[in-house]
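Read the structure below first, then the notes.
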Amino acid sequence: MQLKPSELNIPRENAVAFTGHRPDRLAWRYNERDPRCRALKKRLQSEIIRAYSEGKRYFLSGMADGIDAYAAEIVMALKKEYPDIRLVCCYPYYYPSRKTNCFASVADYSVTVCPDYIHGCMSMRNLYMVNHSSELIACFDGSSGGGTAFTIKTARERGLRVTVIPV
């Protein structure tokens, strides 16, 4: 269901957001068969199941290639076992990409923060997800700059539980 940003009405305490790097920042780049990628996906799945067992039902993905797409895939795969788990696709602007576009038709909710690309729309999307969640699961290399570092810092400042999975 496509919503305007102001229409997403989910209980923040039951929501988790994801942040992480795109493939060009990951050691395995686009090779998802790499053992390091497989290990990361298993750890990410474990954290999603842990959050679900603690009552989280809404999982917000920023829908960029890489970690965001991995998280969305895992949430969708878990629907077989947990039928009340919900994927919320949070797009910074309307941009159909080869991998993330396939989620738009199967996601429970989709939100597009900006109708078109504008400077800062990625940060606006990240803030939107932080403001609508009580927890952040981050796959992070520890670098000081970039959107993932900004999102982690903002989530901590706003009192969200932050789980960092090293990459």
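Annotations
- Yes/no for Val106 being at pLDDT below 95 and either of a type in the set (S, T, N, Q) or assigned to a loop (DSSP other than H, G, I, E, B) (or both): yes
- Count - residues of region 110-144 that are open to solvent by less than 40 Å² (accessible area, probe 1.4 Å), in a loop (DSSP other than H, G, I, E, B) and modelled with pLDDT under 95: 1
- Some residue of region 64-87 being open to solvent by 10 Å² or more (accessible area, probe 1.4 Å), farther than 25 Å from Ser46 by Cα and either of a type in the set (Phe, Trp, Tyr) or not in a strand (DSSP E or B) (or both): no
- In region 22-47, the residues that are assigned to a loop (DSSP other than H, G, I, E, B) form Cβ pairs under 7 Å with partners that are open to solvent by less than 100 Å² (accessible area, probe 1.4 Å) and of a type in the set (A, V, I, L, M, F, W, C), at six or more places apart or across chains, as follows: Arg22/Ala64; Leu26/Val167; Trp28/Cys37; Asn31/Cys37; Asp34/Trp28.
The values are calculated or read from the model by the stated rules, or taken from the named source; none is laboratory data. Computed from a predicted structure; not experimentally measured. Glycine gets a Cβ as well: all are built from the backbone with ideal geometry, and neighbour counts include every protein chain shown. Protein only, heavy atoms only, side chains kept; ligands, DNA and RNA dropped before computing areas. Shrake-Rupley method; radii C 1.70, N 1.55, O 1.52, S 1.80 Å.
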